[in-house]
Number of protein chains: 2
Amino acid sequence: MALAYPRRKALSGDLNAALASRFGQRFSTSLAVREHHGKDASYHPSMPPDAVVFAESTSEVAETVKLCAVAKMPVIAFGTGTGLEGNIAALEGGVTIDLSRMNRILRVSAEDLDCTVEAGVTRKQLNQHLRDTGLFFPVDPGADASLGGMAATRASGTNAVRYGTMRENVLALTVVLADGRIIRTSRRARKSAAGYDLTRLFVGSEGTLGVITEVSLRLYGMPEAIRAACCAFPDIERAVQTVVATIQAGVPVARIELIDAVTMDAVNRYSKLDYKVAPTLMFEFHGTERGVEEQVEQVRGFASEHGGSEFRWASGHEERNKLWQARHDAYFATLALRPGSEGWATDVCVPISNLPQCIAETERDLAQTGLMAPIVGHAGDGNFHLVFLLDPKNPAEFKEAERINRRMVERAIAMDGTCTGEHGIGYGKNHFLIAEHGEALSVMRAVKHALDPDNIMNPGKILPA
Amino acid sequence: MALAYPRRKALSGDLNAALASRFGQRFSTSLAVREHHGKDASYHPSMPPDAVVFAESTSEVAETVKLCAVAKMPVIAFGTGTGLEGNIAALEGGVTIDLSRMNRILRVSAEDLDCTVEAGVTRKQLNQHLRDTGLFFPVDPGADASLGGMAATRASGTNAVRYGTMRENVLALTVVLADGRIIRTSRRARKSAAGYDLTRLFVGSEGTLGVITEVSLRLYGMPEAIRAACCAFPDIERAVQTVVATIQAGVPVARIELIDAVTMDAVNRYSKLDYKVAPTLMFEFHGTERGVEEQVEQVRGFASEHGGSEFRWASGHEERNKLWQARHDAYFATLALRPGSEGWATDVCVPISNLPQCIAETERDLAQTGLMAPIVGHAGDGNFHLVFLLDPKNPAEFKEAERINRRMVERAIAMDGTCTGEHGIGYGKNHFLIAEHGEALSVMRAVKHALDPDNIMNPGKILPA
């Protein structure tokens, strides 16, 4: 879907020269670098910026933004490029600030269970760094995304059902505003009633209000016991009902992931596993030894009431990692089901009581099309994804996927849900925001205009034109 | 401390007539009604509005705001008047909208563990309503505050250490904007990445961006087991160290409250109890029977390492309620220590590792003044209060309390903490916001100006002049 966006103007010679002289080899206008920075991990085509700056500090980001502000050129923040809704596409050209070199872990406080990192630090890097401290950072969207990008997207993933999303786990941010000023959104106390919650205003703002350069995060003590298991079901409905029962009973499961039979088959092949090919729930339990036992007992009860198989345990650290890596690779595994295909990952989220109906109706839609679209989901949150496997040379397939996706989003919104649980809006979903937010969208526009009057921060994202 | 604020203008005859004709007996300009609505539960003097409207629906609030917007008259939302920083004082006159008649519980979904209530529903009313459902709403600031007011203040209280504050527990809000338009800030899905987080922008905005008229809240299953206990310590430092050890170990205590010896004595007298007069921690444990046992074992270990006494259990529902009611009444109990005194409750919050030092330095300050100021705290969050007991006829005491409070706030901010953990800013603390937020304050101002360009929504609150 190549989209024609108005490019406002090319990079002026002055701005080009100023950035080149300031950043030297860390400033690039090469086509390869620009194209790389215009493309995320989704089906959205590359929309390259005019230039890329590789920043190494908050003050370098501020300098870059100031220069762009004077020239009224767009500024796009780039972490790892693992977004899924074109969140980093340079729709109107401009300068992309690559934050991947801002990868210092600035502070870890085991005493306060928190840390501060630069925006380019990835979640795996952080957890690797924490390995010997007995602490970990739970938010896990699958990809090894940067923590700045995860904050900007309000990312979540497999652990959110217990530990929350980036909304709950960001304590404070350092942000470069649209005029280059630098703010810290909050102090480090666990709670505060001191003024507007700027931290959460910037979490999920996708670079449209400012560039996040540092992130303070909550950390958690590594649980005494961790156990992971898979459970196969006769059909997807009964798997989902097991999820609903588990959540309604308040069992503090750490992960409760749904994958359908097609995905299970694909995952088996891709990751060389031999799980039963069936709709499957993948669980992880965190707690004390006894606490985990209790959780397992409860959930096993719900599963067996709904026709679930015996639990198959992934015992030991290594086997568990293998299971979750396989779950994370599900996207690539499903792509391999149709070689040469392009993946389009959808992302709705509904109140948990509506999840069975929402999935059932979506399956009925799918049964009536020729499209292949396996289902995976962070079912404990009411969040699931179809991955459409599309022939990139066949626009009719994209059109049909668009139709199914639109119906799915409308269905989710009608069920008091959202058009995106965790991927964000980018420019792939901004047309759904009117239906989702109605008049509230005018408040978002007012905030955007107040903080970025010249609309230079990641223009064309989140807010529909 | 009578403060001279400029009253912009008296209520015009037109606005007066329009409101009187629309609301009849639910519109009042009587002095008694106005004075009641200008006074909260704090030492701040009454600052009465020009008139009070008793609204019964969101659309009535919208009508009132629209009329005030045309006349550019201030609008102040009023719930129960239990705030502590003059949050509802009508500094510039205007119209107070009393929301206490908006007390309908609109929806409870046991399946989704959430509900929607009108802003005037109080937390006790909600929990009373939920009694037979096996669910409860945990946020508990002590006072039987309205849920709209709690959202507006970003309130928390004794349960926040486990269940979070209003920030974590509000799912969505209905808000009347400064021009009378009505928005819903979010849909009901547990997570969403669909645009700016307006819910959390309005949570804690103290009526300065709009009037909250409906609140959707997370609910929790009543735990299988609840146990509460008190533990006495030889000094306050060792009590605080026990709290720090408990939090750092990640024990999911539901409540961990600190009260000093003076307060314990006052509470014993006021609530006819016979706890040992000593610095004391009050615990509540929630979980399965076995889970609670494990928590108790762990915490008892930490307490005894720090010289804590045997746990004294409040067994049974009734005795437990009595204990927490006594804790909630600590404020009144301490007031009774000095008959005729006025209470001034301070409210700082720091990262937990800094709590022992912050309390110790504050105690040293207190030792050097003649003021009486018992300490209570939601210590698990790093949050504590002094309650100054002041002679209302002695301005020197207020001045000294102000000095100690200023030093305490500066100390908390220097420790990366906040000037208010849960009471909000009102007009009692806005002069601290520059030190706390620095440049970020300009972003708050920009947001305020964008949403309320004529500054009619609760003017003079949060943002310093």
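Listed values, structure above:
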read-out: Number of the exception - B:M372 against (1) out of contact with any Lys or Arg (no Cβ under 7 Å at 6 or more places or on another chain); (2) more than 14 Å from chain A (Cβ to nearest Cβ); value: (1)
read-out: From the options B:L323, B:L337, residue that is part of a loop (DSSP other than H, G, I, E, B) and either in contact (Cβ under 8 Å) with a residue 60 or more places away in the chain or open to solvent by 30 Å² or more (accessible area, probe 1.4 Å) (or both); value: B:L337
read-out: The stretch B:220-233: number of residues that are within 10 Å of chain A (Cβ to nearest Cβ) and hydrophobic (A, V, I, L, M, F, W, C); value: 1
read-out: Check on A:A193, surrounded by 24 or more Cβ atoms within 10 Å (Cβ to Cβ) and among the small types (G, A, S); value: yes
read-out: Search result, residues across the stretch A:192-211 that are more than 25 Å from the chain's Cα centre (by Cα) and either farther than 16 Å from A:L451 by Cβ or more than 7 Å from chain B (Cβ to nearest Cβ) (or both); value: A:S192, A:A193, A:A194
read-out: Residue count for the stretch A:383-414, restricted to those that are open to solvent by less than 40 Å² (accessible area, probe 1.4 Å), among the hydrophobic types (A, V, I, L, M, F, W, C) and either farther than 27 Å from A:T242 by Cα or more than 13 Å from every other protein chain (Cβ to nearest Cβ) (or both); value: 9
read-out: In the stretch A:144-159, the residues that are in a helix (DSSP H, G or I), of a type outside the set (S, T, N, Q) and either at the interface with chain B (Cβ under 8 Å from one of its Cβ atoms) or open to solvent by 10 Å² or more (accessible area, probe 1.4 Å) (or both); value: A:G149, A:A152
read-out: Sole residue being crowded, with 24+ Cβ neighbours inside 10 Å and outside any loop (DSSP other than H, G, I, E, B), chosen from B:V108, B:V53; value: B:V53
read-out: Filter result (out of contact with any Leu (no Cβ under 8 Å at 6 or more places or on another chain), assigned to a strand (DSSP E or B) and of a type in the set (V, I, T)) within the stretch B:71-99; value: B:V75, B:I76, B:T96, B:I97
read-out: Cβ-Cβ under 6 Å pairs, at least 6 apart or on other chains, the stretch B:160-187 side more than 9 Å from every other protein chain (Cβ to nearest Cβ) and more than 20 Å from A:G382 (Cβ to Cβ), far side basic (K, R) and surrounded by fewer than 24 Cβ atoms within 10 Å (Cβ to Cβ); value: B:T174/B:R184; B:G180/B:K66
read-out: Residue that is in contact (Cβ under 8 Å) with a residue 24 or more places away in the chain and β-branched (V, I, T), where the choices are B:V262, B:V277; value: B:V262
read-out: Output for the stretch A:428-437, where each listed residue is under 18 Å from A:W344 (Cβ atoms) and either surrounded by fewer than 24 Cβ atoms within 10 Å (Cβ to Cβ) or facing chain B (nearest Cβ under 7 Å) (or both); value: A:N430, A:H431, A:F432
read-out: From A:G417, A:G380, A:G460, residue being touching a Phe, Trp or Tyr at 6+ places or on another chain (Cβ under 8 Å) and either within 10 Å of chain B (Cβ to nearest Cβ) or open to solvent by 20 Å² or more (accessible area, probe 1.4 Å) (or both); value: A:G460
read-out: Looking only at the stretch B:351-378, and only at residues there that are more than 22 Å from A:S186 (Cα to Cα) and of a type in the set (S, T, Y), the one that is modelled with the lowest pLDDT; value: B:T369
read-out: Residue list for the stretch B:406-423, filter: over 18 Å from the mean Cα position of the chain (by Cα) and in a helix (DSSP H, G or I); value: B:R406, B:R407, B:M408, B:E410, B:R411, B:A412, B:I413, B:A414
read-out: Residue in the stretch A:215-224 that is more than 24 Å from the chain's Cα centre (by Cα) and surrounded by fewer than 24 Cβ atoms within 10 Å (Cβ to Cβ) present; value: yes
read-out: Residue that is closer than 30 Å to A:V251 by Cβ and without any contact (Cβ under 8 Å) to a residue 60 or more places away in the chain, where the choices are B:G316, B:G287, B:G291; value: B:G316
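A quick yes/no check of all residues on (1) open to solvent by 10 Å² or more (accessible area, probe 1.4 Å); (2) outside any loop (DSSP other than H, G, I, E, B); (3) of a type in the set (A, V, I, L, M, F, W, C); (4) under 18 Å from A:V65 (Cβ atoms):
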residue	(1), (2), (3), (4)
A:R101	yes, no, no, yes
A:D132	yes, yes, no, no
A:L173	no, yes, yes, yes
A:G204	no, no, no, no
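The values are calculated or read from the model by the stated rules, or taken from the named source; none is laboratory data. Everything quoted here is computed from the prediction, not taken from an experiment. Every residue, glycine among them, receives a Cβ derived from its backbone with ideal geometry; neighbour counts consider all protein chains shown. For the accessible areas, the whole protein counts, side chains as well, though only heavy atoms, and no ligand, DNA or RNA atoms are used. Shrake-Rupley method; radii C 1.70, N 1.55, O 1.52, S 1.80 Å.
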